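Q: Before I ask anything, here is the structure I am working with.
The values are calculated or read from the model by the stated rules, or taken from the named source; none is laboratory data. If you're wondering where the values come from, they're calculated on a predicted model, not measured in any experiment. Cβ sites come from the backbone with ideal geometry, for glycine too, and all protein chains shown count toward neighbours.
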Amino acid sequence: MSTTQPTGAAPIVIVEDDPNDELLTKRALSRLNAPNPVFVLRDGQEAVDWLIARCDAARAEQADRPAFVLLDLKLPKLDGAEVLARLRGNPSTRHLPVVVFSSSDAADDVQRCLEAAANAYVQKPVDYPSYRDAVRVIAEFWVRLNRSN
């Protein structure tokens, strides 16, 4: 897991095993100048364990719940759909905002994630300006505009 410096704002969690996509996502988030620290988790099991522990602690008012999770679909150990199913099955993480951010545009992948209660499914754009814009829109919604958490 890698992190930026904590700031007191709710963290943004990236679950991504590809170092290039991690770099692109972190670069796009840094352009927002949001105060939110960014945590990177690199496999599905690490994501489930860390997110449940973090949200359990938040319920006890020891830590901030993540602002949202940007979840890749194709991950080692547990794939993104299984991560999502486990998060939705836990009371501490049931309502955690999760956006699946995947290169897959397969209808069955999209359907599986939506059935597992993803808040959204966004296909990763292939060119950097579009990728950056997609991350910006997702982050602005969940960090600045959304008031449901």
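Q: Just for segment 54-84: of the residues that are small (Gly, Ala, Ser) and within 14 Å of the chain's Cα centre (by Cα), which one is nearest to Pro37 (Cα to Cα)? Outline the logic, then answer.
A: Step one: list which residues in segment 54-84 are small (Gly, Ala, Ser), which gives 57-58, 60, 63, 67, 80-81.
Checking the rest, the ones that are also within 14 Å of the chain's Cα centre (by Cα) come to 67, 80-81.
Numbers: Ala67: 10, Gly80: 22, Ala81: 25 Å.
Only one residue tops the list, namely Ala67.
Q: I've got another one for you. Which of the residues that make up segment 101-126 are modelled with pLDDT of 95 or more and farther than 19 Å from Leu84 by Cβ?
A: Hit for segment 101-126 is Pro125, nothing else.
Q: Which of (1) within 23 Å of Asp133 (Cβ to Cβ); (2) out of contact with any Pro (no Cβ under 9 Å at 6 or more places or on another chain); (3) not in a helix (DSSP H, G or I) does Arg27 not meet, given it meets every other one?
A: Among (1) within 23 Å of Asp133 (Cβ to Cβ); (2) out of contact with any Pro (no Cβ under 9 Å at 6 or more places or on another chain); (3) not in a helix (DSSP H, G or I), Arg27 violates only (3).
Q: OK, next. Quick check on segment 91-103. Is at least one of its residues touching a helix residue (DSSP H, G or I) at 6+ places or on another chain (Cβ under 8 Å), surrounded by fewer than 18 Cβ atoms within 10 Å (Cβ to Cβ) and among the hydroxyl-bearing types (Ser, Thr, Tyr)? Even if it seems obvious, please write down each step before you answer.
A: Narrowing segment 91-103 to residues touching a helix residue (DSSP H, G or I) at 6+ places or on another chain (Cβ under 8 Å): 92-94, 96-102.
In the following step, the residues that additionally are surrounded by fewer than 18 Cβ atoms within 10 Å (Cβ to Cβ) were identified as 94.
After this cut, where a residue has to be among the hydroxyl-bearing types (Ser, Thr, Tyr) as well, the list is none.
No, every residue in segment 91-103 fails to be touching a helix residue (DSSP H, G or I) at 6+ places or on another chain (Cβ under 8 Å), surrounded by fewer than 18 Cβ atoms within 10 Å (Cβ to Cβ) and among the hydroxyl-bearing types (Ser, Thr, Tyr).
Q: Please specify each residue of segment 47-67 satisfying the condition of being in contact with a strand residue (DSSP E or B) (Cβ under 8 Å, 6 or more places away or on another chain) and modelled with pLDDT of 95 or more.
A: Matches in segment 47-67: Ala47, Trp50, Leu51.
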